[in-house]
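Take a look at the structure below.
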Amino acid sequence: MGTRTDYIPPGEVGTLPRLFQARVRRTPEAIAYRQFDAGQGLWRECSWADASAAVERWRTALAREGLKPGDVVAIMLPNSGEWLTFDQAALSLGLVVVPLYTSDRADNLAYILEDSGASVLILQHMEIWRGIEQGGQTLKRLQRVIVTQAAGPMDSRGRVMSLDQWLERGGDGRAEAMAANGHDLASIVYTSGSTGRPKGVRLSHLNMLENAWAGLQRIPIHPDDLFLSFLPLSHTLERTIGYYVPVMAGATVAYARSVGDLPEDLAHHRPTALVSVPRIYERVYGRILQGLKEKSPTARELFHQAVAVGWHRYQREQGQVSWHPRELSWPLLRALVAGKVTRRLGGRLRVAISGGAPLSPEISRLFLALGVPVLEGYGLTESSPVIAVNTLSDNRPGTVGKPLPGVDVRIGEQDELQVRGPNIMAGYWNNPAADRQALTRDGWLRTGDKARLDPEGRITITGRIKEIIVLANGEKVPPIEVEMAIANDPMFEQVMVVGEGRPYLVALVVLNEAIWREVAAEQGLPTRMDIASTSPEVEAWLLERIGDLLHRFPGYVQVRRLRVLPEPWTVDNAMLTPTLKLKRNSILKCFQDELEALYEGHHSPRQAPRLAHSR
């Protein structure tokens, strides 16, 4: 892997479309992206020059819509060359791009289109558009809907066109000059809305350019790096780090076909860089632990040795410990154990970034010990998004690293982390009340996250200000930390801890059905989820298992009751945001009766004994 860099600094270009054109001029024949051609059943490569030609064609078609700079257009496509093409064509005309999640619910999509005043929408299928039409909004400003995979008739009013029709129609398509001011609005990115309707975050060209540039100062990316892009481009982490950073550095991006195809795509492309949320690492971790249970005692002991030796070796490379003779066994342990794990991720990973939610330190340490360079970072949509990140030479699991160059942080009231810098949003779209809540009078962004700073400037996120559970006895519990500890067990697919103002904690859990069937058969418990959900024996057994998982927490952090839910929480049933975060208020409202039942009588099922390790 080379170390040559070919960065394009923000000061040289000023806007995102000028960054793209500068990359085209510098390395026209280099590969910009790879994409799977489903019709031909093969992967195709596209050079920067080819990508530029496509952008120019789409730019001409978009100019025919008669929009003016500052008008809003929306994109709802899976990660693909088409996403890049539409984004660049729109930005080059001074338009403002609203990214939409392909997994979002129709009524939420309709709300965002109405709130943003989008004039043009591009999406994949006509069925998606029909659902949005029924989402309860008038959408009067939406003048054009482009369907990339059209099959069958369009609507009779002429608002909907296939992509081919849209690109090939006649008329004046003369395009005006590119946006010239980096402070111009580039995008309105709607937050997930875990507690209500999403808010539109206003990000300028320079917000995202400066964030990409600062990220490259901490984690260098080279022209021969290959990203595998699977986190949705509507997620600002993927958009900035998995799209604009490769443009700035001249790296290549391969667009994964789907999360389901991820294992095969990892093996095929063997990426050197990944950007992900913790859920992907948690799934791999869960499969490792579950597979370990099926191994012989000798194989399990070998695995634990590999983790122990690998972790010591990693700490030495970080300058934290000195060399130990047991490291002599690493080549054998790497061949027998660690290499199998790294090959699951392609075998060439140079950097794997985790963001968007907390990553369990246990999971991070296991991957680092076995040779997967996981770097946890932290940010918000409102900060374009990265605020801080660990680096390859200074990586401390459990922290989110030091602030990026040019980003200032401070600890405010209630231990809240506050941030300012060139990456901070201008404010929310048409929501001055939200601006006053999020931004201090002296220009700092209130993150809403509790944090602490170590003497060297590393940030540790300790919880959410509004998500701290205060029990009836006044004890304070960080629910996310408790949920992470429980979810580390692959038995638990989803978990939410409840207890505000109550005498004790309770939990709603969704189990991994395949693992549960196997374990339940061994324990003589109901294997069917609908029966297990109301079984006192199942509840008592799971409570004891959770007690083991929470033994490191204070004694008052004990889940006394739980309810197994027979169906998972999803975006479709409005229990998850498009970024797969829990919509806590929706879950509380939906399962109010079940939760009340868990507090009736104030006792555990069948008077389950207090576990000794919960003292």
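Pairing each residue of segment 479-502 that is within 20 Å of GLY398 (Cβ to Cβ) with any residue that is among the polar types (S, T, N, Q) and surrounded by fewer than 21 Cβ atoms within 10 Å (Cβ to Cβ), provided the two are 6+ apart or on different chains, yields C-beta distances under 9 Å for GLU481/THR462; MET484/SER360; ALA485/SER360; ALA487/SER360; ASN488/SER360.
For segment 228-236, the criterion of being more than 18 Å from THR102 (Cα to Cα) and out of contact with any His (no Cβ under 9 Å at 6 or more places or on another chain) is met by no residue.
Per the conditions (1) of a type outside the set (Gly, Ala, Ser); (2) farther than 20 Å from MET484 by Cβ; (3) in a loop (DSSP other than H, G, I, E, B), the sole criterion not satisfied by PHE553 is (2). Checking each residue in segment 123-151 for being assigned to a loop (DSSP other than H, G, I, E, B) and among the charged types (D, E, K, R) picks out LYS140, ARG141.
Residues in segment 304-319 that are surrounded by fewer than 13 Cβ atoms within 10 Å (Cβ to Cβ) and assigned to a loop (DSSP other than H, G, I, E, B): GLY319 alone. Does ALA256 meet the test of being farther than 30 Å from ILE486 by Cβ, at pLDDT 95 or above and of a type in the set (Gly, Ala, Ser)? Considered against the rule, which asks whether it is farther than 30 Å from ILE486 by Cβ, at pLDDT 95 or above and of a type in the set (Gly, Ala, Ser), ALA256 comes out as no. Would you check which residues across segment 257-303 are assigned to a helix (DSSP H, G or I), within 24 Å of LEU336 (Cα to Cα) and among the charged types (D, E, K, R) and list them? Listed by number, the residues that qualify are GLU264, ASP265, GLU282, ARG283, ARG287, LYS293, ARG300, GLU301.
Residues that are over 20 Å from the mean Cα position of the chain (by Cα), crowded, with 21+ Cβ neighbours inside 10 Å and either of a type outside the set (Gly, Ala, Ser) or more than 22 Å from ILE468 (Cα to Cα) (or both): does segment 377-388 have at least one? Within segment 377-388 (the criterion being over 20 Å from the mean Cα position of the chain (by Cα), crowded, with 21+ Cβ neighbours inside 10 Å and either of a type outside the set (Gly, Ala, Ser) or more than 22 Å from ILE468 (Cα to Cα) (or both)), the answer is no, since none of the residues qualifies.
When TRP541, TRP516 are screened for being of a type outside the set (A, V, I, L, M), part of a helix (DSSP H, G or I) and buried (at least 20 other Cβ atoms within 10 Å of the Cβ), only TRP516 passes.
Take ALA451 and tell me if it is under 24 Å from LEU375 (Cα atoms) and not assigned by TED's automatic domain parsing to the domain that holds ALA186. For ALA451, the condition - under 24 Å from LEU375 (Cα atoms) and not assigned by TED's automatic domain parsing to the domain that holds ALA186 - is met. Summed over segment 404-421, residues that are farther than 18 Å from GLY463 by Cα and crowded, with 19+ Cβ neighbours inside 10 Å total 3. Scanning segment 473-505 for residues that are hydrophobic (A, V, I, L, M, F, W, C) and part of a strand (DSSP E or B) turns up VAL477, PHE492, VAL495, MET496, VAL497, VAL498, LEU505. Consider segment 519-537 and keep the residues that are over 17 Å from LEU595 (Cα atoms) and among the β-branched types (Val, Ile, Thr). The one that is surrounded by the most Cβ atoms within 10 Å (Cβ to Cβ) is VAL519. If I filter segment 435-455 for residues that are touching a residue at least 40 places away in the same chain (Cβ under 8 Å), basic (Lys, Arg) and in a strand (DSSP E or B), do I get at least one hit? Yes, segment 435-455 contains a residue that is touching a residue at least 40 places away in the same chain (Cβ under 8 Å), basic (Lys, Arg) and in a strand (DSSP E or B). Counting only residues that are crowded, with 16+ Cβ neighbours inside 10 Å, out of contact with any strand residue (DSSP E or B) (no Cβ under 8 Å at 6 or more places or on another chain) and either aliphatic (A, V, I, L, M) or not assigned by TED's automatic domain parsing to the domain that holds GLY81 (or both), segment 133-160 holds 1 of them. Just the residues that are outside any helix (DSSP H, G or I) and at pLDDT 50 or above, please, taken from segment 584-615. Listed by number, the residues that qualify are PHE591, TYR599. Among residues of segment 451-476 being surrounded by 20 or more Cβ atoms within 10 Å (Cβ to Cβ) and not small (Gly, Ala, Ser), the one that is modelled with the lowest pLDDT is ILE461. The single residue among ARG23, ARG44 that is closer than 28 Å to HIS268 by Cβ, crowded, with 23+ Cβ neighbours inside 10 Å and within 27 Å of the chain's Cα centre (by Cα) turns out to be ARG23.
A search for C-beta distances below 8 Å between a residue of segment 125-143 that is closer than 15 Å to ALA74 by Cβ and any residue that is of a type in the set (D, E, K, R) and part of a loop (DSSP other than H, G, I, E, B), counting only pairs 6+ apart in sequence or on different chains, returns LEU142/ARG159; GLN143/GLU65; GLN143/ARG159. Taking segment 320-411 and the helices (runs of 4 or more DSSP H) fully enclosed by it, the elements with 2 or more residues that are within 19 Å of ILE219 (Cα to Cα), touching a helix residue (DSSP H, G or I) at 6+ places or on another chain (Cβ under 9 Å) and not basic (Lys, Arg) are at 361-369.
The values are calculated or read from the model by the stated rules, or taken from the named source; none is laboratory data. Owing to the predicted nature of the structure, the values given are computational and were not obtained by experimental measurement. In this analysis, Cβ positions are derived from the backbone assuming ideal geometry, glycine residues included, and neighbour counts consider all displayed protein chains.
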